[in-house]
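S.K.: Okay, here's the structure, questions in a sec.
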Amino acid sequence: MNTPGIIKRYATKVLIHIFLIICAVFSIYPIIWIVMSSLNPGNALYSSTLIPKNITISHYVELFTETDFGLWYMNTLKIAFFTMVLSVVFVVITAYALSQFRFRGRKLTLMTMLVLQAFPSFMSMIAVYLLLLQIGMLDTHLGLIIVYTAGAIPYGAWLVKGYFDSIPRSLPEAAKIDGATNMKVFVKVMMPLSTPIITFIALTNFMAPWMDFILARLVLRTASKKTLAIGLFEMVRDRANTEFTMFAAGAVMVAIPITVLFVILQRYVIQGIAEGACKT
Amino acid sequence: MVRYSAKAGVLSAIFMGLGQLYNRQVVKGILFLLAEILYIIFILPYNIESIRGLITLGDKPQEIVDGKIIQGDHSIFLMVFGIISVIVLLLFIVFYLLNIRDAIAVGKQREHGRVPAGFINSLKTASEKGFPYLFLSPAVILILFITVVPLIFGILIAFTNYSSPDHLPPRNLVDWVGFDNFINLFKLSTFSRTFFGVALWTVVWAVVSSVTAFFTGMFFAVLINSKGVAVKKFWRTIFILPWAMPGFISILIMRNMFNGQFGPINKYLQAIGLGAVPWLADKTWAKITCLLVNLWLAFPYYMAMISGVLTSISNELYEAASIEGANAVKQFTKITLPIVMYSTAPLLIMGIAHNFNNFNLIYLLTMGNPTNTSYSYAGHTDILLSWLYKLTLDQSQFHMASVVSIIIFVIVAVMSVINFSYTKSFREEDMVQ
C-alpha cells in the first residue's frame, strides 16, 4: 500500500466536500436571508440583519391584519385549484381523442396546437381583455381560470398524447373486445396507466397561477381580487424600504408550501419534462 | 340507371336538406332545412353586418354636437366581432359541404340498390364516428375563443394604425394601413435602433443565460455523481431548492439582495473593504446581474435533468474505460459528455426558447431599467417581450407591439418546431419527412 496515494485521495475527497459546502451556502443563502429578514424587528431593508438581535413574528401578524394578504392567498389558492382541475380534464380528454382515434382533421388539430403554443401571450392580450369585457368576465376569477385553462391545453395535450401513444394498443383494444365502451376504456384503462404524466400536468397548472404576473394583472382589476404575485410585487415596488420585512414574511408564507410540494413531487416533474423534451 | 347521387348533391347544394328529402330521409332533411332557415333569419344579417365592419373598421367617428358626445363606431370591437363572424361563416360553410357530401353518399347507396338508413340508425353511426369530435369539441371551442380569435386579432393589428395618441377608440377610428408598420419598424430610426438593440440583447441573454446554467448544472450533476461524494441525495436536495422555490418570489428576493443602496450584498462588499457595485443601476452590471440571478435560479433544473441521465449510464462503460487506462478527464469527455449532450440537447434548446421570452425574470428584477435614452420606450436590460409589455400597457403603441410580436412568434415557432421534432409524440406522426 502506498500511503501518499491514500492521502491524496482522502485530500481530494475533503476538498470536494468543502467546495460543495461553499456552493450550498451560496445556493441557499437567499432563502436563509429572507427567512431571517422576516423575523427581524425593524421594517426597512437597510436595517435588517442576517442574525436578528431579537426574533419577532409580528410581521406575520401584520401581514394578515394590515394587508389583504390572507385574501390574496385564498384567491390564489382558489384560482390555482380550479385551473388545475379544469386543465387536467381538458388536457386529458383532448389528448385521449388525439391519441386513440384516427379521424379527419386530426393532423390539422395537432399541427395547430404545435403552432399555437409558440405565440407570445401578449399577442392575444388585448383581444382577451375585450372579449372578457364583453361577456362580463373581466375582473372575475372565473375569467382568469378560463384564460389559464385555454393556455394550458395545447402544450399539455401534446405531452399527454405522447404518453398515451406509448401505452400498448392491445390494452384498450382488449377492453373494447370485452365490451367496454369508449368512456369505460378511458376511465378504467388509460387514466390509471397515466398517473405520472397527469400528476405532472396537475402540478404545473397548480403552480402557474402562483407565478403568473402578466395575465393576472390584465384580468384582475379590483384590489380585493388580486393574486399573491401581483400583491407581493407591488409591495416590493412601492414600499421596498418601508415594508421590506413584511414582504419577507409574505415571501416565506408562499415559498414554504410550494417548495415542499415541489420537492415531494419532483420526480414527476423531472419525468414530465424529460417526456416532453428528449425521449428519443 | 338513375343518377341519384348527382341529383341529390345538386339539390343539397341549392338548399340544405333538399337532397336528403329527395333521398327520402325525411327527418334528417327537415333538420338540415331548418338549420339553414334559422341561419339565414337569425345569423346571416349579423354576419354580413360585422364582416362589413371588419373591412371598413367603422366610418362614423365620434362627434361632439352641442357639447354632447355622440358615439361613433368602435373600430376595435368591430374588428373582434368581424373575426368571430368570419369563423362562424366558415363553420357554416363546412356544415353546408358536409350536407352535400351526405346527400351524395346516400344517393350512391341508392344507386347500388340499398335502402337509405332511417333516422335512428343515422344517429347511431354519427355517435360512433363522432366520438373523437365530441371529445375534442370543448377544448376546440375554448381554444377558438380564448386563443385563436385573440391571436388573429393580434396579427391583424399589425396592419392597422391602432395606437396612442391619434388612433385610439372610442374617440378615433382605426384604419387599415397595409405593411406600413413593418416598413416603419426598419425605416424610422428610433424604432429600428430600439428593435435591433433590444433584439441583440435578447439573443445574447437567451443563449448566454441558458448555456451558463446548463453547464453549471452539468458540473454539479457530475460532481455529485462522482465516486468520492457522500450523501448524494442530500446534496441534490439542497441544490434543487432554488429551482423549487416559486420563481417570482426568488426574483423579488434577489431584487432586494442586489439593491445598490440597502442590499446585503453591497453591505458585505463594503464591510470587507470593496466598494459598492451598482448591480441594478449601471447598464453593464444590470445585464450581469440578470445573468447571475438566472444562473442561480436555473442551474438546479439542468442539474436534476442531467442527474437523471447520469444514473442511466451503465457502470460497465466506465469500468471498461478504466481497464483500457482512460483517466477521469478522458472518461468524462469520451463517455459522459456525448451521452449527456445527446439526450439533453433538446432541453438546452427549450431553455433558450424559454429565456428568449423570460418576461418574469427581466421585468420583476430590473423592469428593463436602467433606461436607455436613445431607445423608444425601452431600457438597457429590456428583452423583446418586456419591451412589448411596455409598448402595449404603458404606451398604447399597439400597432408596433403587434409587429414585434409577429417577429418573436416566427423565431420561437422555429425553435419549438425544432424541439418538438425530437419528441416521441412528433416522430410517430411522421410530420417530419
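The values are calculated or read from the model by the stated rules, or taken from the named source; none is laboratory data. Remember, predicted model here, so these are calculated numbers, not experimental data. Cβ coordinates were reconstructed from backbone atoms using ideal geometry, including for glycine residues, and neighbour counts include every protein chain displayed. Surface accessibility is based on the protein's heavy atoms, side chains included, excluding ligands, DNA and RNA. Shrake-Rupley method; radii C 1.70, N 1.55, O 1.52, S 1.80 Å.
S.K.: Of the conditions (1) surrounded by 18 or more Cβ atoms within 10 Å (Cβ to Cβ); (2) over 23 Å from the mean Cα position of the chain (by Cα), B:Pro150 satisfies every one except a single condition; which number is it?
M.R.: The one condition B:Pro150 does not meet is (2).
S.K.: For the range B:195-208, check the following and say yes or no: at least one residue is free of Cβ contacts under 8 Å to residues at least 60 places away in the same chain and open to solvent by less than 60 Å² (accessible area, probe 1.4 Å).
M.R.: no
S.K.: Among the helices (runs of 4 or more DSSP H) confined wholly to the range A:46-157, which include 3 or more residues that are buried (at least 23 other Cβ atoms within 10 Å of the Cβ) and polar (S, T, N, Q)?
M.R.: It comes to A:69-100.
S.K.: Same structure, new question: What tally of residues in the range A:157-171 results from selecting those that are out of contact with any Phe, Trp or Tyr (no Cβ under 9 Å at 6 or more places or on another chain), at the interface with another protein chain (Cβ under 9 Å from one of its Cβ atoms) and small (Gly, Ala, Ser)?
M.R.: Looking only at that region, the number is 1.
S.K.: Still on this structure, I have one more. Looking at the structure I just gave you, is A:Met253 open to solvent by 50 Å² or more (accessible area, probe 1.4 Å), within 23 Å of A:Ile145 (Cβ to Cβ) and part of a helix (DSSP H, G or I)?
M.R.: yes
S.K.: Would you pick out the residues in the range B:154-172 that are open to solvent by 30 Å² or more (accessible area, probe 1.4 Å), modelled with pLDDT under 85 and of a type outside the set (Lys, Arg)?
M.R.: B:Ser164, B:Pro165, B:Asp166, B:His167, B:Leu168, B:Pro170, B:Asn172
S.K.: Which condition number in (1) closer than 30 Å to A:Ala202 by Cβ; (2) within 8 Å of another protein chain (Cβ to nearest Cβ); (3) not basic (Lys, Arg) is the one that A:Val85 fails?
M.R.: Among (1) closer than 30 Å to A:Ala202 by Cβ; (2) within 8 Å of another protein chain (Cβ to nearest Cβ); (3) not basic (Lys, Arg), A:Val85 violates only (2).
S.K.: In the range B:58-71, is there at least one residue being open to solvent by less than 60 Å² (accessible area, probe 1.4 Å), in contact with a strand residue (DSSP E or B) (Cβ under 9 Å, 6 or more places away or on another chain) and in contact (Cβ under 8 Å) with a residue 12 or more places away in the chain?
M.R.: yes
S.K.: Any residue in the range B:393-420 that's within 9 Å of chain A (Cβ to nearest Cβ) and free of Cβ contacts under 8 Å to residues at least 24 places away in the same chain: show its pairings with residues that are hydroxyl-bearing (Ser, Thr, Tyr) and open to solvent by 30 Å² or more (accessible area, probe 1.4 Å) at Cβ separation under 6 Å, as long as the two are six or more apart or on different chains.
M.R.: Listed pairs, sorted by first residue: none to list.
S.K.: Mind telling me which of the residues B:Val115, B:Val80, B:Val86, B:Val94 ends up being more than 30 Å from A:Ile126 (Cα to Cα) and β-branched (Val, Ile, Thr)?
M.R.: None of the others qualify; the one that does is B:Val115.
S.K.: What about B:Val86, is it surrounded by 14 or more Cβ atoms within 10 Å (Cβ to Cβ) and over 22 Å from A:Gly151 (Cα atoms)?
M.R.: yes
Residues checked against (1) in contact (Cβ under 8 Å) with a residue 40 or more places away in the chain; (2) open to solvent by 20 Å² or more (accessible area, probe 1.4 Å); (3) away from every other protein chain (no Cβ under 13 Å):
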{"residue": "B:Lys227", "(1), (2), (3)": "no, yes, no"}
{"residue": "B:Leu241", "(1), (2), (3)": "yes, yes, no"}
{"residue": "B:Arg255", "(1), (2), (3)": "yes, yes, no"}
{"residue": "B:Gln270", "(1), (2), (3)": "no, yes, no"}
{"residue": "B:Asp282", "(1), (2), (3)": "yes, yes, yes"}
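S.K.: From the list B:Pro300, B:Pro264, pick out the single residue that is in contact with a helix residue (DSSP H, G or I) (Cβ under 8 Å, 6 or more places away or on another chain), within 12 Å of another protein chain (Cβ to nearest Cβ) and within 23 Å of B:Asn355 (Cβ to Cβ).
M.R.: Being in contact with a helix residue (DSSP H, G or I) (Cβ under 8 Å, 6 or more places away or on another chain), within 12 Å of another protein chain (Cβ to nearest Cβ) and within 23 Å of B:Asn355 (Cβ to Cβ) holds for just one of B:Pro300, B:Pro264, which is B:Pro300.
S.K.: Condition test on B:Met257, is it among the hydrophobic types (A, V, I, L, M, F, W, C) and in contact with a Pro (Cβ under 7 Å, 6 or more places away or on another chain)?
M.R.: Considered against the rule, which asks whether it is among the hydrophobic types (A, V, I, L, M, F, W, C) and in contact with a Pro (Cβ under 7 Å, 6 or more places away or on another chain), B:Met257 comes out as yes.
S.K.: When you check A:Met183 against the structure, is it free of Cβ contacts under 8 Å to residues at least 40 places away in the same chain, surrounded by fewer than 22 Cβ atoms within 10 Å (Cβ to Cβ), at the interface with another protein chain (Cβ under 10 Å from one of its Cβ atoms) and not polar (S, T, N, Q), yes or no?
M.R.: Yes; evaluated as a whole, the condition is true for this residue.
S.K.: Among (1) open to solvent by less than 30 Å² (accessible area, probe 1.4 Å); (2) within 14 Å of chain A (Cβ to nearest Cβ); (3) touching a helix residue (DSSP H, G or I) at 6+ places or on another chain (Cβ under 9 Å), there is one condition B:Phe77 misses while meeting the rest; what is its number?
M.R.: Going through (1) open to solvent by less than 30 Å² (accessible area, probe 1.4 Å); (2) within 14 Å of chain A (Cβ to nearest Cβ); (3) touching a helix residue (DSSP H, G or I) at 6+ places or on another chain (Cβ under 9 Å) one by one, B:Phe77 breaks only (1).
Every residue, every condition in (1) modelled with pLDDT of 85 or more; (2) on the phi > 0 side of the Ramachandran plot, yes or no:
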{"position": "A:Leu218", "(1), (2)": "yes, no"}
{"position": "A:Arg237", "(1), (2)": "no, no"}
{"position": "A:Thr242", "(1), (2)": "no, no"}
{"position": "A:Ala249", "(1), (2)": "yes, no"}
{"position": "A:Pro257", "(1), (2)": "yes, no"}
{"position": "A:Leu261", "(1), (2)": "yes, no"}
{"position": "A:Val269", "(1), (2)": "no, no"}
{"position": "A:Ala274", "(1), (2)": "no, no"}
{"position": "A:Lys279", "(1), (2)": "no, yes"}
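S.K.: Another one. Could you please find all residues in the range A:1-24 being of a type in the set (A, V, I, L, M), modelled with pLDDT under 90 and open to solvent by less than 90 Å² (accessible area, probe 1.4 Å)?
M.R.: A:Ile6, A:Ala11, A:Val14, A:Ile16
S.K.: Please work out if A:Tyr29 is open to solvent by 30 Å² or more (accessible area, probe 1.4 Å), of a type outside the set (A, V, I, L, M, F, W, C) and either in the same structural domain as A:Val236 (by TED's automatic domain parsing) or farther than 30 Å from B:Val414 by Cβ (or both).
M.R.: It is true that A:Tyr29 is open to solvent by 30 Å² or more (accessible area, probe 1.4 Å), of a type outside the set (A, V, I, L, M, F, W, C) and either in the same structural domain as A:Val236 (by TED's automatic domain parsing) or farther than 30 Å from B:Val414 by Cβ (or both).
S.K.: May I ask you to say which residue of B:Leu337, B:Leu297 is at pLDDT 85 or above and either open to solvent by less than 30 Å² (accessible area, probe 1.4 Å) or touching a Cys at 6+ places or on another chain (Cβ under 8 Å) (or both)?
M.R.: B:Leu297
S.K.: Output yes when any residue across the range A:220-239 is touching a helix residue (DSSP H, G or I) at 6+ places or on another chain (Cβ under 9 Å), surrounded by 15 or more Cβ atoms within 10 Å (Cβ to Cβ), touching a residue at least 12 places away in the same chain (Cβ under 8 Å) and over 15 Å from A:Tyr73 (Cα atoms), and no when none is.
M.R.: No, that holds for no residue.
S.K.: Can you tell me how many residues in the range B:356-381 are more than 11 Å from every other protein chain (Cβ to nearest Cβ) and either among the β-branched types (Val, Ile, Thr) or open to solvent by 10 Å² or more (accessible area, probe 1.4 Å) (or both)?
M.R.: 14
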